[in-house]
Amino acid sequence: MWDGPEDAKVLDVCCGSGVVGNAFRGTVGHITGLDLTPEMIAMAETRLDVVQQGDVYDMPFEDNQFDLACNREVLHLLPRPDIPVGQIFRVLKPGGTFIVSQLVPYGPEDAPWFFRIVKKKQPLFFNNLMAEDMVKLLEDAGFVDITMKELICWEDIDIWIDTWETPNLHRHEIRQLYYDAPAEVRRVHPFEIRPDGGILDQWRWVVLRGRKPSA
């Protein structure tokens with residue numbers, strides 16, 4: 001989704017291990033990562049040009065500094081996602097681009113059910129953003145020319161929950177939520193339960209792109 005200048009300065013917000021920012025390697029000039037945790041910063045330093053420790057609620061960058069900012073699957077972890085989106089708007093140059101991807105429910109029918117699943121997998125899950133919520137976050141921050149692309153992919157739930165942050169009890173409860181999913185959820189949210197009890201979920205991702213107005 002990047003068609004800007006090859007010397008562009010990129011900011012990977014809450015960069016984690018730096019995988020998302022590194023995906024722009026070869027198409028941009030310089031990639032900066034921002035993260036809070038030293039462990040993630042150490043990993044990102046192997047992929048990005050510069051990694052800075054800092055808070056997304058008060059980013060340690062001057063105004064109008066970057067051509068592109070990117071963010072993947074982070075806004076749901078923040079009690080006030082509007083503040084970081086506003087910070088991203090601030091540090092982008094006039095005409096700069098923000099690209100953000102997020103896992104979202106299919107609609108109001110499956111949203112509460114899906115929130116329970118993700119919350120049990122990741123206790124820091126604060127808000128269950130819908131696609132329209134994502135659009136509004138960008139609009140309220142001042143972004144224009146907002147576009148959204150939907151990506152549907154299958155996820156093996158047993159692999160997804162096989163992580164240190166998900167205790168065995170929560171893994172069992174997540175599986176049970178799929179087994180007991182009500183009819184209104186099944187109508188809008190495709191998933192499969194295999195004969196061996198394994199679960200494949202057809203996840204819905206949205207990728208939004210917005211532009212900071214030119215001066």
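Bear in mind that the values in this text are calculations on the coordinates, not laboratory data. Treat the numbers as computed from the prediction; the structure is a model and nothing was measured.
Just a few scattered comments:
- Here the alpha carbons of region 31-89 define both size measures, Rg and Dmax, at 11.5, 30 Å.
- 0 to 90° range, to nearest 10: angle between helix 168-179 axis and the chain longest Cα axis: 70 degrees
- Kirkwood's formula applied to the C-alpha pairs of region 171-215 gives a hydrodynamic radius of 13.2 angstrom.
- Mean ellipticity per residue at 222 nm, deg cm²/dmol - from DSSP H runs of n ≥ 4 across the chain, formula -39500 (n - 2.57): -8000 deg cm²/dmol
- Principal-axis tilt of helix 111-121 within the chain, Cα atoms, nearest 10 degrees: 80 degrees
- Computed over region 123-212, the Cα gyration tensor eigenvalues convert (square root of 5λ each) into semi-axes of 31, 16, 12 Å, ordered from largest to smallest.
- The lysine pair count for the chain, using Cα distances under 27 Å and pairs eight or more places apart or on different chains, is 15.
- Selected from L137, L36, L92 as most flexible by GNM, with the chain as the system and alpha-carbon contacts under 10 Å: L36
- Within the listed set T32, T163, T97, the residue fluctuating most in the Gaussian network model of the chain (springs between alpha-carbon atoms under 10 angstrom) is T163.
- P(r) weight above 24 Å for the chain, C-alpha pairs, percent: 46 percent
- Among R90, R80, R72: highest mean-square fluctuation, GNM of the chain, C-alpha pairs under 10 Å: R80
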